[in-house]
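Report on one structure; see the data block that follows.
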Amino acid sequence: MSLLPFFQWCYQSGLGVTIRTSTWAFPVIEAFHLLGFGLTAGAVLVVNLRLLGVGLSRQPVAQLSAAVKPWLIGGVTLMFISGIPLFLSESIKCYYSFAFWVKMTSLFLVLLFTFTVQRQAIKAGLTSNRPLLGRLTALISLGLWSGVAWGGRWIGFS
Amino acid sequence: MLFLPFFEQLADTPWSVGLHESEIAYSVIESIHVWSLCLFFGLAVMFDLRLLGWTMRKVPVSEFSHRLLPWTVAGFVILVISGTLLFYAIPLRSYQNIFFRSKMILLLLAGLNVWIFHSRVYPGVTKWDLDAVPPRAARVAGALSLALWIGVVVSGRMIAYNWFDCDRQPQPAIINFLTSCEPAEDH
(Lines give C-alpha, C1' and ligand atoms only; values in the text may rest on other atoms or scores of the structure.)
Protein backbone atom coordinates (compact mmCIF):
# COMPACT_ATOMS: atom_id res chain seq x y z
CA MET A 1 0.00 0.00 0.00
CA SER A 2 1.31 3.41 -0.92
CA LEU A 3 1.38 6.25 1.56
CA LEU A 4 0.95 8.78 -1.23
CA PRO A 5 -2.85 9.27 -0.75
CA PHE A 6 -2.20 10.13 2.90
CA PHE A 7 0.48 12.65 1.93
CA GLN A 8 -1.89 14.15 -0.67
CA TRP A 9 -4.61 14.41 1.98
CA CYS A 10 -2.14 16.23 4.28
CA TYR A 11 -1.23 18.57 1.44
CA GLN A 12 -4.91 19.50 0.93
CA SER A 13 -5.55 20.08 4.66
CA GLY A 14 -6.71 23.53 5.70
CA LEU A 15 -3.60 24.20 7.78
CA GLY A 16 -1.31 23.05 4.98
CA VAL A 17 -3.03 25.32 2.44
CA THR A 18 -2.98 28.30 4.85
CA ILE A 19 0.75 27.99 5.44
CA ARG A 20 1.50 27.43 1.76
CA THR A 21 -0.36 30.57 0.67
CA SER A 22 1.15 32.77 3.40
CA THR A 23 4.45 34.56 2.86
CA TRP A 24 5.50 34.62 6.49
CA ALA A 25 4.01 31.49 8.05
CA PHE A 26 6.51 28.93 6.78
CA PRO A 27 9.69 30.92 7.64
CA VAL A 28 8.42 31.87 11.10
CA ILE A 29 7.36 28.30 11.98
CA GLU A 30 10.65 27.05 10.49
CA ALA A 31 12.56 29.37 12.85
CA PHE A 32 10.79 27.83 15.87
CA HIS A 33 11.50 24.39 14.44
CA LEU A 34 15.23 25.20 14.34
CA LEU A 35 15.17 26.62 17.89
CA GLY A 36 13.43 23.47 19.11
CA PHE A 37 16.09 21.37 17.47
CA GLY A 38 18.85 23.48 19.04
CA LEU A 39 17.33 23.00 22.50
CA THR A 40 17.01 19.26 21.90
CA ALA A 41 20.64 19.15 20.75
CA GLY A 42 21.77 20.87 23.96
CA ALA A 43 20.02 18.37 26.23
CA VAL A 44 21.20 15.43 24.11
CA LEU A 45 24.81 16.69 24.06
CA VAL A 46 25.03 17.18 27.84
CA VAL A 47 24.12 13.52 28.41
CA ASN A 48 26.05 12.02 25.50
CA LEU A 49 29.26 13.97 26.06
CA ARG A 50 29.10 12.78 29.67
CA LEU A 51 28.69 9.19 28.51
CA LEU A 52 31.66 9.64 26.15
CA GLY A 53 33.76 10.80 29.11
CA VAL A 54 34.42 14.23 27.61
CA GLY A 55 31.73 16.26 29.40
CA LEU A 56 30.57 16.68 33.00
CA SER A 57 32.49 13.60 34.16
CA ARG A 58 32.06 14.27 37.89
CA GLN A 59 28.29 14.11 37.67
CA PRO A 60 26.35 10.83 37.93
CA VAL A 61 24.89 10.07 34.48
CA ALA A 62 21.44 9.24 35.86
CA GLN A 63 21.27 12.57 37.68
CA LEU A 64 22.32 14.58 34.59
CA SER A 65 19.91 12.68 32.41
CA ALA A 66 17.05 13.40 34.81
CA ALA A 67 18.03 17.09 35.11
CA VAL A 68 17.92 17.78 31.36
CA LYS A 69 14.90 15.55 30.68
CA PRO A 70 12.27 18.35 30.87
CA TRP A 71 14.31 20.39 28.35
CA LEU A 72 14.74 17.40 26.06
CA ILE A 73 11.00 16.77 26.12
CA GLY A 74 10.35 20.50 25.68
CA GLY A 75 12.68 20.66 22.66
CA VAL A 76 11.20 17.57 21.03
CA THR A 77 7.66 18.87 21.67
CA LEU A 78 8.51 22.22 20.06
CA MET A 79 9.98 20.33 17.09
CA PHE A 80 6.79 18.31 16.64
CA ILE A 81 4.41 21.23 17.15
CA SER A 82 6.28 23.25 14.52
CA GLY A 83 7.27 20.33 12.29
CA ILE A 84 3.78 18.95 11.68
CA PRO A 85 2.43 22.21 10.13
CA LEU A 86 5.62 22.54 8.05
CA PHE A 87 5.10 18.99 6.81
CA LEU A 88 1.42 19.61 5.98
CA SER A 89 2.37 22.58 3.81
CA GLU A 90 4.78 20.59 1.63
CA SER A 91 3.92 16.95 2.23
CA ILE A 92 3.97 15.94 -1.44
CA LYS A 93 7.49 17.34 -1.85
CA CYS A 94 8.46 15.39 1.30
CA TYR A 95 7.02 12.17 -0.09
CA TYR A 96 9.44 12.32 -3.02
CA SER A 97 12.38 13.63 -0.94
CA PHE A 98 15.03 11.08 0.03
CA ALA A 99 16.24 13.44 2.78
CA PHE A 100 12.78 13.48 4.35
CA TRP A 101 12.75 9.68 4.72
CA VAL A 102 16.30 9.68 6.11
CA LYS A 103 15.20 12.24 8.67
CA MET A 104 12.00 10.44 9.68
CA THR A 105 13.73 7.07 9.97
CA SER A 106 16.57 8.57 12.06
CA LEU A 107 14.08 10.46 14.23
CA PHE A 108 11.95 7.36 14.87
CA LEU A 109 15.01 5.28 15.72
CA VAL A 110 16.66 7.89 17.94
CA LEU A 111 13.51 8.58 19.97
CA LEU A 112 12.93 4.86 20.41
CA PHE A 113 16.58 4.32 21.33
CA THR A 114 16.76 7.28 23.74
CA PHE A 115 13.60 6.47 25.66
CA THR A 116 14.10 2.70 25.81
CA VAL A 117 17.62 1.27 25.43
CA GLN A 118 19.66 4.28 26.56
CA ARG A 119 17.29 5.23 29.37
CA GLN A 120 17.23 1.69 30.75
CA ALA A 121 21.00 1.38 30.49
CA ILE A 122 21.45 4.64 32.43
CA LYS A 123 18.80 3.75 35.02
CA ALA A 124 20.28 0.31 35.63
CA GLY A 125 23.69 1.89 36.15
CA LEU A 126 25.10 -0.16 33.29
CA THR A 127 26.94 2.85 31.92
CA SER A 128 28.94 3.40 35.11
CA ASN A 129 30.01 -0.24 35.35
CA ARG A 130 30.70 -0.58 31.64
CA PRO A 131 31.88 2.77 30.27
CA LEU A 132 32.28 1.24 26.81
CA LEU A 133 28.58 0.42 26.68
CA GLY A 134 27.78 4.00 27.64
CA ARG A 135 30.07 5.29 24.91
CA LEU A 136 28.43 3.04 22.37
CA THR A 137 24.94 4.31 23.25
CA ALA A 138 26.22 7.91 23.04
CA LEU A 139 27.72 7.36 19.58
CA ILE A 140 24.52 5.73 18.31
CA SER A 141 22.44 8.60 19.70
CA LEU A 142 24.69 11.35 18.29
CA GLY A 143 24.90 9.57 14.92
CA LEU A 144 21.13 9.26 14.63
CA TRP A 145 20.55 12.88 15.73
CA SER A 146 23.10 14.00 13.10
CA GLY A 147 21.03 12.07 10.56
CA VAL A 148 17.96 14.01 11.69
CA ALA A 149 19.83 17.34 11.32
CA TRP A 150 21.33 16.57 7.89
CA GLY A 151 18.09 15.10 6.58
CA GLY A 152 16.17 18.11 7.84
CA ARG A 153 18.52 20.58 6.21
CA TRP A 154 18.54 18.67 2.91
CA ILE A 155 14.74 18.60 2.59
CA GLY A 156 15.16 22.29 1.83
CA PHE A 157 17.67 21.67 -0.96
CA SER A 158 15.49 19.28 -2.96
CA MET B 1 28.97 52.75 0.89
CA LEU B 2 32.64 51.92 1.23
CA PHE B 3 31.99 48.21 1.48
CA LEU B 4 29.76 47.95 -1.56
CA PRO B 5 32.49 48.08 -4.27
CA PHE B 6 34.62 45.72 -2.19
CA PHE B 7 31.88 43.09 -1.98
CA GLU B 8 31.09 43.59 -5.68
CA GLN B 9 34.71 42.71 -6.45
CA LEU B 10 34.64 39.80 -4.00
CA ALA B 11 31.56 38.41 -5.76
CA ASP B 12 33.51 38.37 -9.04
CA THR B 13 36.42 36.31 -7.71
CA PRO B 14 36.57 32.79 -9.20
CA TRP B 15 36.22 31.02 -5.82
CA SER B 16 33.14 33.00 -4.90
CA VAL B 17 31.52 32.25 -8.26
CA GLY B 18 32.55 28.59 -7.94
CA LEU B 19 31.04 28.22 -4.46
CA HIS B 20 27.91 30.03 -5.54
CA GLU B 21 27.42 27.83 -8.59
CA SER B 22 28.34 24.52 -6.99
CA GLU B 23 25.13 23.21 -5.50
CA ILE B 24 26.91 20.37 -3.71
CA ALA B 25 29.65 22.50 -2.11
CA TYR B 26 27.20 25.17 -0.98
CA SER B 27 24.76 22.60 0.44
CA VAL B 28 27.50 20.72 2.28
CA ILE B 29 28.86 23.94 3.85
CA GLU B 30 25.32 24.96 4.77
CA SER B 31 24.79 21.56 6.45
CA ILE B 32 28.05 21.90 8.39
CA HIS B 33 26.85 25.35 9.47
CA VAL B 34 23.59 23.88 10.82
CA TRP B 35 25.37 20.94 12.45
CA SER B 36 27.88 23.16 14.27
CA LEU B 37 25.00 25.46 15.19
CA CYS B 38 23.47 22.57 17.14
CA LEU B 39 26.75 22.02 18.96
CA PHE B 40 27.27 25.68 19.80
CA PHE B 41 23.70 26.84 20.35
CA GLY B 42 22.62 23.70 22.20
CA LEU B 43 25.41 23.89 24.77
CA ALA B 44 25.21 27.69 25.06
CA VAL B 45 21.48 27.39 25.83
CA MET B 46 22.19 24.74 28.47
CA PHE B 47 24.82 26.98 30.10
CA ASP B 48 22.42 29.94 30.08
CA LEU B 49 19.71 27.78 31.64
CA ARG B 50 22.18 26.73 34.35
CA LEU B 51 23.02 30.40 35.02
CA LEU B 52 19.29 31.07 35.37
CA GLY B 53 18.99 28.18 37.81
CA TRP B 54 16.53 26.40 35.52
CA THR B 55 18.46 23.17 35.02
CA MET B 56 21.31 21.05 36.48
CA ARG B 57 21.17 22.92 39.78
CA LYS B 58 23.55 20.44 41.40
CA VAL B 59 26.25 20.91 38.76
CA PRO B 60 28.86 23.53 39.76
CA VAL B 61 28.85 26.39 37.24
CA SER B 62 32.65 26.22 37.03
CA GLU B 63 32.55 22.52 36.12
CA PHE B 64 30.06 23.21 33.35
CA SER B 65 32.22 26.04 32.08
CA HIS B 66 35.46 24.07 32.40
CA ARG B 67 34.22 20.85 30.76
CA LEU B 68 31.72 22.06 28.17
CA LEU B 69 32.94 25.52 27.16
CA PRO B 70 35.70 24.01 24.95
CA TRP B 71 32.99 22.20 22.94
CA THR B 72 31.02 25.41 22.67
CA VAL B 73 34.11 27.25 21.42
CA ALA B 74 34.82 24.46 18.90
CA GLY B 75 31.24 24.72 17.61
CA PHE B 76 31.63 28.49 17.31
CA VAL B 77 34.89 28.22 15.35
CA ILE B 78 33.27 25.83 12.83
CA LEU B 79 30.27 28.17 12.64
CA VAL B 80 32.48 31.16 11.83
CA ILE B 81 34.50 29.28 9.21
CA SER B 82 31.45 27.78 7.47
CA GLY B 83 29.55 31.05 7.83
CA THR B 84 32.41 33.03 6.26
CA LEU B 85 32.41 30.63 3.30
CA LEU B 86 28.63 30.99 2.91
CA PHE B 87 29.03 34.77 2.95
CA TYR B 88 31.92 34.54 0.48
CA ALA B 89 29.68 32.55 -1.89
CA ILE B 90 27.07 35.35 -1.98
CA PRO B 91 28.81 38.48 -0.65
CA LEU B 92 26.89 41.36 -2.20
CA ARG B 93 23.40 39.97 -1.65
CA SER B 94 24.24 38.97 1.94
CA TYR B 95 25.75 42.38 2.71
CA GLN B 96 22.58 44.09 1.54
CA ASN B 97 20.25 41.60 3.24
CA ILE B 98 18.39 43.09 6.18
CA PHE B 99 18.43 39.82 8.15
CA PHE B 100 22.16 39.38 7.63
CA ARG B 101 22.64 42.87 9.05
CA SER B 102 20.42 42.26 12.07
CA LYS B 103 22.23 38.96 12.62
CA MET B 104 25.63 40.70 12.65
CA ILE B 105 24.40 43.37 15.10
CA LEU B 106 22.90 40.74 17.42
CA LEU B 107 26.09 38.68 17.11
CA LEU B 108 28.11 41.71 18.19
CA LEU B 109 25.82 42.29 21.18
CA ALA B 110 25.95 38.59 22.11
CA GLY B 111 29.76 38.74 21.94
CA LEU B 112 29.75 41.85 24.14
CA ASN B 113 27.58 39.99 26.66
CA VAL B 114 30.00 37.04 26.66
CA TRP B 115 32.91 39.43 27.23
CA ILE B 116 31.20 41.28 30.09
CA PHE B 117 30.17 37.98 31.70
CA HIS B 118 33.65 36.49 31.55
CA SER B 119 35.47 39.65 32.64
CA ARG B 120 33.05 40.94 35.32
CA VAL B 121 30.75 38.17 36.54
CA TYR B 122 32.50 34.84 36.10
CA PRO B 123 35.74 35.70 38.00
CA GLY B 124 33.73 35.64 41.25
CA VAL B 125 32.27 32.19 40.49
CA THR B 126 33.81 30.52 43.57
CA LYS B 127 31.37 32.49 45.73
CA TRP B 128 28.29 31.08 43.96
CA ASP B 129 29.61 27.99 42.16
CA LEU B 130 27.21 25.61 43.90
CA ASP B 131 24.24 27.97 44.22
CA ALA B 132 21.14 26.34 42.76
CA VAL B 133 20.18 29.80 41.53
CA PRO B 134 23.22 32.02 40.77
CA PRO B 135 23.24 35.74 41.74
CA ARG B 136 21.37 38.36 39.80
CA ALA B 137 24.28 39.47 37.59
CA ALA B 138 24.82 35.92 36.35
CA ARG B 139 21.10 35.42 35.75
CA VAL B 140 20.91 38.65 33.76
CA ALA B 141 23.90 37.57 31.63
CA GLY B 142 22.25 34.18 31.06
CA ALA B 143 18.91 35.69 30.07
CA LEU B 144 20.56 38.22 27.74
CA SER B 145 22.66 35.49 26.17
CA LEU B 146 19.60 33.30 25.60
CA ALA B 147 17.63 36.14 23.98
CA LEU B 148 20.53 37.34 21.82
CA TRP B 149 21.54 33.90 20.51
CA ILE B 150 17.90 33.09 19.70
CA GLY B 151 17.84 36.38 17.78
CA VAL B 152 21.02 35.42 15.92
CA VAL B 153 19.63 32.00 14.93
CA VAL B 154 16.27 33.38 13.80
CA SER B 155 17.87 36.24 11.81
CA GLY B 156 20.27 33.75 10.25
CA ARG B 157 17.45 31.47 9.15
CA MET B 158 15.65 34.44 7.57
CA ILE B 159 18.63 35.46 5.39
CA ALA B 160 17.33 32.84 2.93
CA TYR B 161 14.26 34.97 2.19
CA ASN B 162 14.41 37.83 -0.29
CA TRP B 163 11.38 39.89 0.77
CA PHE B 164 13.50 43.00 1.39
CA ASP B 165 16.20 42.42 -1.20
CA CYS B 166 17.55 45.34 -3.20
CA ASP B 167 16.49 43.84 -6.54
CA ARG B 168 12.88 43.65 -5.36
CA GLN B 169 11.60 47.20 -5.72
CA PRO B 170 9.65 49.20 -4.78
CA GLN B 171 10.58 48.92 -1.09
CA PRO B 172 9.78 51.46 1.64
CA ALA B 173 12.49 54.13 1.95
CA ILE B 174 13.39 52.89 5.43
CA ILE B 175 14.13 49.39 4.08
CA ASN B 176 16.35 50.76 1.31
CA PHE B 177 18.13 52.90 3.89
CA LEU B 178 18.69 49.91 6.21
CA THR B 179 20.01 47.75 3.36
CA SER B 180 22.20 50.49 1.76
CA CYS B 181 20.16 50.02 -1.37
CA GLU B 182 19.93 52.69 -4.06
CA PRO B 183 17.36 51.51 -6.57
CA ALA B 184 17.67 52.83 -10.12
CA GLU B 185 15.22 55.70 -10.72
CA ASP B 186 13.83 54.42 -14.01
CA HIS B 187 12.41 51.23 -12.55
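For chain B, the mean projected area of the C-alpha convex hull, equal to one quarter of the hull surface, is 12.4 nm².
Return the tail of the calculated pair distribution for chain A, meaning the percent of Cα-Cα pairs more than 22 Å apart.
46
The mean sequence separation of alpha-carbon pairs under 8 Å and at least six residues apart, normalised by the residue count of chain B, gives a relative contact order of 29 percent.
Mind jotting down the distance between the C-alpha centroids of the range B:85-119 and the range B:124-163, whole Å? Value for the Cα centre distance between the two parts: 16 Å.
Would you please give the FRET efficiency between A:LEU15 and B:VAL140, computed as 1/(1 + (r/R0)^6) with r the Cβ-Cβ distance and R0 = 41 Å, to the nearest 0.05? It would help to have the intermediate numbers written out before the result.
Values: r = 39 Å, r/R0 = 0.95.
Computed FRET efficiency for A:LEU15 and B:VAL140: 0.60.
Computed with a 1.4 Å probe over protein heavy atoms only, the accessible surface of chain B comes to 54 Å² per residue.
With the solvent-accessible surface defined on protein heavy atoms using a 1.4 Å probe, which residues belonging to the range A:140-158 display a reduction of at least 10 Å² in accessible area in the multichain context relative to the isolated chain? Those residues are A:SER146, A:ALA149, A:TRP150, A:ARG153, A:TRP154, A:PHE157.
In terms of its Cα atoms, the protein assembly as shown spans 73, 62, 38 Å along the principal axes, sorted from long to short.
The contact between chain B and chain A removes approximately 3100 Å² from the accessible area (both sides summed; 1.4 Å probe; ligands, DNA and RNA excluded). Adding -39500 (n - 2.57) for every DSSP H run of four residues or longer, then dividing by how many residues chain B holds, sets the calculated 222 nm ellipticity at -22500 deg cm²/dmol.
Applying 1/(1 + (r/R0)^6) with R0 = 41 Å to the Cβ-Cβ distance of B:LYS58 and A:MET104 gives a FRET efficiency near 0.70. A prolate overall shape is assigned to the range B:78-170, the ratio a/c of its alpha-carbon gyration tensor axes (a ≥ b ≥ c) being 1.5 or greater and a/b exceeding b/c. Solvent-accessible surface of protein heavy atoms, probed at 1.4 angstrom with all chains present, puts B:LYS58, A:LYS69, A:LYS103 in the order B:LYS58, A:LYS69, A:LYS103, largest first. Take every pair of alpha-carbon atoms less than 8 Å apart whose residues are at least six positions apart; their mean separation over the length of chain A yields a relative contact order of 31 percent.
So, with a 1.4 angstrom probe, what is the percent of accessible area on chain A that is carbon and sulfur? Roughly 72 percent, rounded to a whole number.
If I stretch the segment between B:GLU8 and B:LEU112 completely, what's the gain in nm (0.36 nm per residue apart, minus their alpha carbon distance), one decimal?
Net length gain for the segment: 34.5 nm.
When a 1.4 Å probe is rolled over the protein heavy atoms, the share of accessible surface on the range B:33-187 that falls to carbon and sulfur comes to 70 percent. Give the distance, in whole Å, between the Cα centre of the range A:1-74 and the Cα centre of the range A:137-152. If you average the Cα positions of each part, the centres end up 12 Å apart. What residue among B:TRP71, B:PHE164, B:VAL59 has its Cα farthest toward the positive end of the dipole of chain B, where the charges are +1 on Lys, Arg and -1 on Asp, Glu, each on the Cβ? Checked the options; the winner is B:VAL59.
The values are calculated or read from the model by the stated rules, or taken from the named source; none is laboratory data. What you are looking at is a predicted structure, and each value in this text was computed from that prediction instead of being measured. Please note: Cβ atoms are built from the backbone with ideal geometry, for glycine as well, and neighbour counts cover all protein chains shown. All accessible areas refer to the heavy atoms of the entire protein, side chains included, with ligands and DNA or RNA removed. Shrake-Rupley method; radii C 1.70, N 1.55, O 1.52, S 1.80 Å.
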